Amino acid sequence: MTTEPQRFRILLVPEHIVNKGGASVEDSAVRSAVVEATGETGASGYPRYAGDGIVADIDPSTRTVEAVLVDGAELDYGLNARVAS
């Protein structure tokens, strides 16, 4: 039995929004998705999660997105992928 989280909510946030202004990161997201554990390990060495067109390797201990594909492509320049609080 694994103790790693089985699901996360990923937010795609414009880079210029992160840590600026009064808006929360969640309110500033241009897209969000719930991703669930696939049981695989990604190329980054972290567990892979997928759902709603997003595939992400996430470090469950730090909740850091280590790698991400959005609709099969790399993340657009100027966007950050973050795990929702």
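The values are calculated or read from the model by the stated rules, or taken from the named source; none is laboratory data. Owing to the predicted nature of the structure, the values given are computational and were not obtained by experimental measurement. Reconstructed Cβ throughout: ideal geometry from the backbone, glycine too, with neighbour counts over all protein chains shown.
Output the residues belonging to the stretch 22-66 that are closer than 17 Å to SER85 by Cβ and small (Gly, Ala, Ser).
Matches in the stretch 22-66: GLY22, ALA23, SER24, SER28, ALA29, SER32, ALA33, ALA56, SER61.
Go through the stretch 48-85 and give me each residue that's surrounded by 18 or more Cβ atoms within 10 Å (Cβ to Cβ) and in contact with a Ser or Thr (Cβ under 6 Å, 6 or more places away or on another chain).
ARG48, ASP57
So, in the stretch 1-17, of the ones that are over 13 Å from the mean Cα position of the chain (by Cα) and exposed (fewer than 13 other Cβ atoms within 10 Å of the Cβ), which residue ends up modelled with the lowest pLDDT?
MET1
Please specify each residue of the stretch 48-78 satisfying the condition of being part of a strand (DSSP E or B), of a type outside the set (Gly, Ala, Ser) and more than 12 Å from the chain's Cα centre (by Cα).
GLU74, the sole residue that qualifies.
Specify the residue that is surrounded by the fewest Cβ atoms within 10 Å (Cβ to Cβ); the eligible residues are those in the stretch 26-47 that are part of a strand (DSSP E or B) and of a type in the set (Gly, Ala, Ser). Please lay out each step first, then the result.
Residues of the stretch 26-47 part of a strand (DSSP E or B): 31-41, 47.
Then keep just the ones that are of a type in the set (Gly, Ala, Ser); that gives 32-33, 37, 39.
On the way: SER32: 15, ALA33: 20, ALA37: 18, GLY39: 9.
Residue satisfying both the conditions and the ranking: GLY39.
Which ones in the stretch 24-38 are at pLDDT 95 or above and not β-branched (Val, Ile, Thr)?
Of everything in the stretch 24-38, those that are at pLDDT 95 or above and not β-branched (Val, Ile, Thr) turn out to be ARG31, SER32, ALA33, GLU36, ALA37.
Could you list, ordered by first residue, the pairs with Cβ atoms under 9 Å in which the first is in the stretch 61-85 and closer than 16 Å to GLU4 by Cα and the second is of a type in the set (D, E, K, R) and exposed (fewer than 13 other Cβ atoms within 10 Å of the Cβ), at least 6 apart or interchain?
Listed pairs, sorted by first residue: SER61/GLU4.
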